[in-house]
Amino acid sequence: MKRLSYQAQRASGGKPLRVVGFPQGEEYVPSIRVAGKWLREFGFDFGSEAILTATEGQIVITARGGETMPIAWKALPVWERLEKIDRRLDEIEPFVAEALVEVRLAKQGRNLPGYLDQRLSSLESELVYVLTRLRNRVESTRKAIPADAIERERNAVPQAELQLSD
């Protein structure tokens, strides 16, 4: 199925969106997700402001003029937390290995029903791969942090020191 360009979608009456349920506390509320590189073309960039106006059966989102506000986040605290998570994974690895031994011993039971063997095999598989998956997730998160951000933050002079030297 060929996708229409956003200009063609606009000309033909807009891009169809689906209203979905979004968990909020104990209930679900209606939710509409709008995301894509195309938003930048229409004046919606990172940190920019927008105004949402809703009337019966219609929502209008208008880009607010002016400068965009930079999204300020610190890479170093995230990096340091990932290092702690890695250390915690190192700590739990022996316990996971012990659990794996116990599962394998349980599977050696005599006359074990097939459904229990199946469940124990599933548990064994999860134990074998859980640490690998967790470590991969930590690593992919680490790779998502801009390469120079950590070094830049480590080398940054605190604002208080700048003010004192003036």
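Out of all the residues in region 76-111, which are in contact with a helix residue (DSSP H, G or I) (Cβ under 9 Å, 6 or more places away or on another chain) and aromatic (F, W, Y)? W79, the sole residue that qualifies. Against the definition (of a type in the set (D, E, K, R) and not in a helix (DSSP H, G or I)), how does R88 come out, yes or no? Spelling it out, it is not the case that R88 is of a type in the set (D, E, K, R) and not in a helix (DSSP H, G or I). If you take the residues in region 43-60 that are part of a loop (DSSP other than H, G, I, E, B) and of a type in the set (A, V, I, L, M, F, W, C), which one is nearest to V19 (Cα to Cα)? Checked region 43-60; the qualifying residue nearest to V19 (Cα to Cα) is F44.
Sort through R40, R119 and tell me the only one that's among the basic types (K, R), assigned to a helix (DSSP H, G or I) and either at pLDDT below 80 or not assigned by TED's automatic domain parsing to the domain that holds E139 (or both). Steps first, please.
Working: R119 fails: either at pLDDT below 80 or not assigned by TED's automatic domain parsing to the domain that holds E139 (or both).
That would be R40, the only listed residue that is among the basic types (K, R), assigned to a helix (DSSP H, G or I) and either at pLDDT below 80 or not assigned by TED's automatic domain parsing to the domain that holds E139 (or both).
One residue alone among I85, I61 is of a type outside the set (S, T, Y), farther than 26 Å from V128 by Cα, modelled with pLDDT of 85 or more and surrounded by 12 or more Cβ atoms within 10 Å (Cβ to Cβ), and that residue is I61. In region 144-165 there is no residue matching the filter, namely being at pLDDT 90 or above, out of contact with any strand residue (DSSP E or B) (no Cβ under 8 Å at 6 or more places or on another chain), basic (K, R) and surrounded by 10 or more Cβ atoms within 10 Å (Cβ to Cβ).
Can you tell me how many residues within region 66-82 are surrounded by 10 or more Cβ atoms within 10 Å (Cβ to Cβ), β-branched (V, I, T) and at pLDDT below 85?
So the first thing to find is which residues in region 66-82 are surrounded by 10 or more Cβ atoms within 10 Å (Cβ to Cβ), and the list is 68-69, 74-82.
Now narrow it down to the ones that are β-branched (V, I, T): 68, 78.
Applying the additional criterion that residues be at pLDDT below 85 yields 68.
Residues in region 66-82 being surrounded by 10 or more Cβ atoms within 10 Å (Cβ to Cβ), β-branched (V, I, T) and at pLDDT below 85: 1 in total.
The values are calculated or read from the model by the stated rules, or taken from the named source; none is laboratory data. The shown structure was predicted, so the numbers you read here are calculated from the model rather than taken from an experiment. Don't worry about glycine lacking a Cβ; one is built from the backbone with ideal geometry, like all the others, and counts go over all protein chains shown.
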